[in-house]
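What follows is one structure encoded as structure tokens, with my remarks underneath.
FYI, it's all coordinate maths here, none of it is from the lab. Everything quoted here is computed from the prediction, not taken from an experiment. In this analysis, Cβ positions are derived from the backbone assuming ideal geometry, glycine residues included, and neighbour counts consider all displayed protein chains.
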Amino acid sequence: MEELCTVYWSPLYWHIRRLGYDATEAQDLTQGFFSRLLEKQALGYVDRERGRFRSFLLASLRNYLANEHDHAQAQKRGGGKTILPIDFRSAETGYGLEPAHDLTAEKLFEKRWALTVLETSLAALQQQYEQAGKSELFDALVPFMAAQSESPTYAEIAQRLEMTESAVRMAVSRLRRRYREAIRAEVGRTLDDAGDVDREIQNLLKALGR
């Protein structure tokens, strides 16, 4: 639970901000929520939803916010202590890049959730390549993971890594396949039923507008 919360706190922070709370209030509420959630004696406070972890988190947050009346109460809940290693500055910067009225709080939560899944999956994949002593290969191939206008050509990568173009193409194909596998694995660990992975990935793509 704590590991998942550490990874997936940012969608909740963005959700709280889009509800109209300022940055300081949102920080206090986010820490206060996780303080309440992770205290063993308080787990009964939330109504767990079986299945998707994101649904459980959002429903729990709504329950928590419904019982929070003002900023002073939020600060009291957080107690001024760090419950999770949260980089609020980074989250606030990312939130500030979102159009002010483009998405509802719920849809913004879904979008940030989807982006977190992709970021976490890519980080896990990068770690795999590093452990295999292939960091240089990973760094060279990452631009091919998305359609970037300034991406290098296969020939340029082949020359840089002293590989053939066909070998580079094969390496890119392998990286994309492993990325898809990493995404499925990440999604799967947030579900109660592994059989829902395909459906959840469709929800992820929808949240990203794909």
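Amide H contacts under 5 Å for R52: D192, restricted to partners 5 or more places along the chain or on a different chain, H placed in the peptide plane at 1.01 Å from N. Cβ crowding within 10 Å, taken as a proxy for footprinting-reagent exposure, orders S60, S151 from fewest neighbours to most as S151, S60.
Averaging the sequence gap over all C-alpha pairs within less than 8 Å and six or more residues apart, then dividing by the number of residues, gives segment 109-207 a relative contact order of 37 percent.
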